[in-house]
Structure formats: C-alpha cells, structure tokens
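Have a look at the structure below, then the notes.
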Amino acid sequence: MQLDPTTGWCHGIAHCHSPNFNERPTGEISLLVIHNISLPPGQFGCGQVHALFQNRLDPHGHPYFAGIVHLTVSAHFLIERDGTVTQFVSCLDRAWHAGASRFCERDNCNDFSIGIELEGTDDTPFTEAQYQVLIELTRQLQAGYPALTPQRVCGHSDIAPGRKTDPGPAFDWQRLRAAGVVA
Ligand SMILES: [Zn+2]
C-alpha cells in the first residue's frame, strides 16, 4: 500500500471506482473521518458495501437494502475484516460519506475530509488486521496531506452527533493514540 498524494490514489490495493464523488470546493484535505458499515447490517464479507458505493445494490437482495438502495454514497476507503483495503474515490476528490456534519464550527465535512469505512458494527470488536491497516493508511495520509494532524482524526459520531453513532463504542481509539496517529 503506497499513497501517491499527487493523484490521491493508493497503489498496491484494489481500486473500485465509485461514481459518487465531486470536486472539493477548495481542495483542502484537513480531516480524517472514521466510520463503520456492514451490509446487511452485522454480516461481513458479503461484498455489498462495494455494491452500495457503486450504485448497484440489489433492492431485492435483502429486506434492508430496499430502504437504502436510493442512496448515492461513497467513502474513500473500505477496510474489510481481514484487512483488505479498497479505494473508491481519489483523496483529491470529495467522497460522500459524512452527510450533514460539523467539525470545529465548519459544516459540510465532506468538503475537506477523507472518509475511511471499517467493515463492522458499533458493538463488534474490530480485528487486529483492521487496526494494523488503518494505522498504516492513516500514517501515509498524514505524510501526504500534512493538514491531517492527529488532532484532526475523528469519528463520524463526532461530526454528526445525535444522527450517527459510528465507529461506535467497540472502536478502540487508544490503539490509534498509542500509534501516534490520533491525539
Ligand atoms: Zn459513518
């Protein structure tokens, strides 16, 4: 895994292009947002997150899907349970992961953030492989985009309180603090 900050793409991982992105209004990359997702909820390794981010989710594939099939969403990265990383959107572009959000008095965090999804749920411990890859990816992003300081790594629930709960209580922030990537 090697980030090329000039293109915004990581080499050595799978690329699965999402159409759900647009241009960053100012080009600023100064916030890293950590999420969790699983589709169907609580089931892992089904490949349906990729389908959601590419607008090809089958509404009949699971009762839950009918309610979300209309969403046009994406994240820059997904880290699956075994540590497999997939990139959907260039870091230079604006992925659609945060929704209505606010960080340090600024709205619309998608404008200036990178979104990383961990395959999981709020209450299921994440895997060792996921932490290792998340820490390495965060290090590379912080090296490539120096405005992503350890003070500017947060959870989705931090920027959309009351609306979002991820990455959830099972996410071990201390692991990231010990690695020096989160303050
Ligand atoms: Zn989220």
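The values are calculated or read from the model by the stated rules, or taken from the named source; none is laboratory data. Given the structure is predicted, the values throughout are model-derived calculations rather than measurements. Neighbour counts are summed over all protein chains in view; Cβ atoms, including those assigned to glycine, are modelled from backbone coordinates with ideal geometry. For accessibility, only protein heavy atoms count, side chains too; no ligands or nucleic acids. Shrake-Rupley method; radii C 1.70, N 1.55, O 1.52, S 1.80 Å.
Key figures for this structure:
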item: Pick from the stretch 100-130, criterion assigned to a strand (DSSP E or B) and touching a residue at least 60 places away in the same chain (Cβ under 8 Å), ranking: most open to solvent (accessible area, probe 1.4 Å); result: 103
item: Any hit, the stretch 4-13, residues being touching a Cys at 6+ places or on another chain (Cβ under 9 Å), within 16 Å of the ligand (Cβ to nearest atom), in a strand (DSSP E or B) and not polar (S, T, N, Q); result: no
item: Scope the stretch 89-99; condition away from the ligand (no atom under 14 Å from the Cβ) and either over 20 Å from residue 25 (Cβ atoms) or not in a strand (DSSP E or B) (or both); matching residues; result: 89, 90, 91, 92
item: Filter result for residue 81 (charged (D, E, K, R), closer than 17 Å to residue 36 by Cα and modelled with pLDDT of 95 or more); result: yes
item: Residue check for residue 138: touching a residue at least 60 places away in the same chain (Cβ under 8 Å), under 23 Å from residue 82 (Cα atoms) and open to solvent by 30 Å² or more (accessible area, probe 1.4 Å); result: no
item: Test: residue 85 is of a type in the set (A, V, I, L, M), within 24 Å of residue 173 (Cβ to Cβ) and open to solvent by less than 20 Å² (accessible area, probe 1.4 Å); result: yes
item: Complete set of residues in the stretch 141-178 that are over 23 Å from residue 8 (Cα atoms), small (Gly, Ala, Ser) and surrounded by fewer than 19 Cβ atoms within 10 Å (Cβ to Cβ); result: 162, 170, 178
item: Scan of the stretch 109-125 for residues that are farther than 25 Å from residue 42 by Cα and within 15 Å of the ligand (Cβ to nearest atom), ordered by number; result: 109, 110, 113
item: The stretch 1-53, subset touching a Gly at 6+ places or on another chain (Cβ under 6 Å) and among the β-branched types (Val, Ile, Thr), residue surrounded by the fewest Cβ atoms within 10 Å (Cβ to Cβ); result: 34
